[in-house]
Amino acid sequence: MLLRHTPLEIKERKALTINPAKTCQPVGAMYAALGIHGCLPHSHGSQGCCSYHRSTLTRHYKEPVMAGTSSFTEGSSVFGGQANLLQAINNMFTVYEPDIIAVHTTCLSETIGDDVNQIVQKARDDGKVPEGKHVLHCNTPSYVGSHITGFSNMVAGMVKYFSESTGEEKKQINIIPGWVEPSDMREIKKIAKEMNVETVLFPDTSDVMDAPQTGEHAFYPKGGTTVPELKSTGDSQATIALGAFASEAAATLLNTKCKVKYDVLDLPIGISATDRFIHHLSKVAGVEVPESVTADRGRVVDIITDMQQYFYNKRVALFGDPDQLIALTEFLLDIDMRPVYVVSGTPGKQFAEKMKGLLKDKVPEAKVANGERADMFLLHQWMKNEPVDLLMGNTYGKYIARDEDIPFIRMGFPIMDRIGHSYFPTVGYSGAMRLLEQILTAFLDRQDRDAPEESFELVM
Ligand code: SF4
């Protein structure tokens, strides 16, 4: 009963968040930056901020996350961090030899008003950026938004700094995958390859955050979107932005800068959203959907048919990041479950609208909240008042699941108490199969645990 003080009575709160359902902007900016090949992220703020961003990513991905910090002290907090950042850029290029340094700001450097654009330009003018190397930056004030906002800002920064239009269209499609696991990025590339579509995926953390162990340490693993690829995004035929919250800003900017048309789709989690992604990819690239992809879909439908009796009418509580929650809610509705509570700490009006559209006919009693006051405390109170059959979300949900004795599936970011999650996709038909298997196992394990001896079944 670690959360024994959570009361049943729900009171309106205007100025207090308890156990927020989000983390801070720079964590997202750092994760996005790791999806560029040869990139060293840099946190322009205090050492404490950078340690937090790195450790959160390291705990989730179980990989060492390297990053620089401007190491603000009292002096830089008062007079500004220009000198620190200039020295940091010089030191990092000299000692660690990255191809790119991706700078993001923090609450402190935003509050004192450091002009990072100007500082980076000064670094170039002073010759601190070697020939052929790059520094990009984005602003990530963490007193607004969430890690998803930070991710989105860094991806838009990639477009701002690198995308170029040569006037000659390339037969390729940009895909902005949103905040998903490295395994998801690999799966999206695999689907595109299967469909014979040339793509530029950015950012791409596959083979960076899940690089194989070879016995040799590589400071910059072989994965990540390269600078020539990022530049070429301005010549692509079209952009597919997966997830409005994490990817739309970059797609819009690319359209404004280089006139590359774009569409925003839901993350391809579950059968309907994957159908739409594959259909759209085939349309914009002008290719047929191959038989192998259709067969994968057929297997998912077959699995759903076998499992459906266990899913029907089950009440689920979800929390996490908006793009994932939107797609996951649709998937759960597709398999006749009832997402009754959905909470995201990331602000944005379109989340509530989208959820309303999905839930109003099938689960009219559903409660949806997002933004700063939408926290895990509120979710727990809802669950105490009217329990659910399943909870899905990141590691922080384990306290609620334990207190309420409810099956719990870890999904989203961060997952700090399990290993392996980032190696299995949740997107595409393969991802749908994994999710289905996880959900069914959670229900049947609970049934086995609670069954009296006379109805403890071997065959279920
Ligand atoms: S001070 Fe701001 S940027 Fe630093 S860790 Fe806290 S929320 Fe994140």
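The values are calculated or read from the model by the stated rules, or taken from the named source; none is laboratory data. Everything numeric in this text was worked out from a predicted model, so none of it was measured. Note that we place each Cβ from the backbone using ideal geometry, even for glycine, and neighbour counts take in every protein chain shown. For accessibility, only protein heavy atoms count, side chains too; no ligands or nucleic acids. Shrake-Rupley method; radii C 1.70, N 1.55, O 1.52, S 1.80 Å.
Worth pointing out:
- Residue tally, condition of a type in the set (S, T, N, Q) and farther than 20 Å from Cys24 by Cβ, over region 49-83: 2
- Any hit, region 329-351, residues being open to solvent by 30 Å² or more (accessible area, probe 1.4 Å), modelled with pLDDT of 95 or more, of a type in the set (Ser, Thr, Tyr) and at negative phi: no
- Selection of region 161-184 for residues being hydrophobic (A, V, I, L, M, F, W, C) and either within 18 Å of Ser282 (Cα to Cα) or assigned to a loop (DSSP other than H, G, I, E, B) (or both) yields Ile173, Ile175, Ile176, Trp179, Val180.
- Residues in region 191-202 that are in contact (Cβ under 8 Å) with a residue 24 or more places away in the chain and outside any loop (DSSP other than H, G, I, E, B): Ile191, Ala192, Glu194, Thr199, Val200, Leu201.
- Single unsatisfied condition, Gly420 versus (1) without any contact (Cβ under 8 Å) to a residue 12 or more places away in the chain; (2) open to solvent by 40 Å² or more (accessible area, probe 1.4 Å): (2)
- Flag if Gly68 is closer than 30 Å to Glu131 by Cβ, away from the ligand (no atom under 16 Å from the Cβ), touching a Leu at 6+ places or on another chain (Cβ under 9 Å) and not basic (Lys, Arg): no
- Inside region 156-194, residues that are of a type in the set (Phe, Trp, Tyr) and over 25 Å from Arg276 (Cβ atoms) make up a count of 2.
Yes/no per residue for (1) buried (at least 20 other Cβ atoms within 10 Å of the Cβ); (2) modelled with pLDDT under 95; (3) among the acidic types (Asp, Glu); (4) not in a helix (DSSP H, G or I):
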residue	(1), (2), (3), (4)
Ala249	yes, no, no, no
Ala273	yes, no, no, no
Val289	no, no, no, yes
Val293	no, no, no, no
Val301	no, no, no, no
Thr305	no, no, no, no
Tyr310	no, no, no, no
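Residues checked against (1) open to solvent by less than 20 Å² (accessible area, probe 1.4 Å); (2) more than 16 Å from the ligand (Cβ to nearest atom); (3) under 25 Å from Pro64 (Cα atoms):
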residue	(1), (2), (3)
Ser165	no, yes, no
Val180	yes, yes, yes
Met195	yes, yes, no
Asp210	yes, yes, yes
Gly215	no, yes, yes
Asp235	yes, yes, no
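- Across region 26-63, the number of residues qualifying as away from the ligand (no atom under 15 Å from the Cβ) and charged (D, E, K, R) comes to 2.
- Boolean, Ile148 is within 16 Å of the ligand (Cβ to nearest atom), closer than 27 Å to Pro425 by Cβ and either open to solvent by 40 Å² or more (accessible area, probe 1.4 Å) or under 29 Å from the mean Cα position of the chain (by Cα) (or both): yes
- Inter-residue pairs, beta-carbon under 6 Å, first over 17 Å from His53 (Cβ atoms) and in region 101-121, second more than 13 Å from the ligand (Cβ to nearest atom) and among the β-branched types (Val, Ile, Thr), 6+ apart: Val120/Val135
- Neighbours by Cβ (under 7 Å, 6+ apart or cross-chain): first from region 433-450, over 16 Å from Thr305 (Cβ atoms) and polar (S, T, N, Q); second open to solvent by less than 30 Å² (accessible area, probe 1.4 Å) and outside any helix (DSSP H, G or I): Gln438/Ile409
- Counting only strands (runs of 3 or more DSSP E) wholly contained in region 354-460, the ones carrying 1 or more residues that are over 18 Å from the mean Cα position of the chain (by Cα) and among the aliphatic types (A, V, I, L, M) occupy 367-370, 390-393.
- Exclusive hit being free of Cβ contacts under 8 Å to residues at least 60 places away in the same chain, farther than 10 Å from His104 by Cβ and of a type outside the set (A, V, I, L, M), set Ser46, Ser51: Ser51
- Residues satisfying the stated conditions in region 9-18, i.e. of a type outside the set (A, V, I, L, M, F, W, C) and open to solvent by 80 Å² or more (accessible area, probe 1.4 Å): Glu9, Lys11, Glu12, Lys14
- Among the conditions (1) within 16 Å of the ligand (Cβ to nearest atom); (2) more than 28 Å from Thr233 (Cα to Cα); (3) free of Cβ contacts under 8 Å to residues at least 40 places away in the same chain, the only one that Asn139 does not satisfy is (2).
- With respect to the stated conditions, Val27 fails to be assigned to a strand (DSSP E or B), buried (at least 24 other Cβ atoms within 10 Å of the Cβ) and either among the hydrophobic types (A, V, I, L, M, F, W, C) or out of contact with any Lys or Arg (no Cβ under 9 Å at 6 or more places or on another chain) (or both).
- Residue within region 8-22 that is in contact with a Phe, Trp or Tyr (Cβ under 7 Å, 6 or more places away or on another chain) and within 13 Å of the ligand (Cβ to nearest atom) present: no
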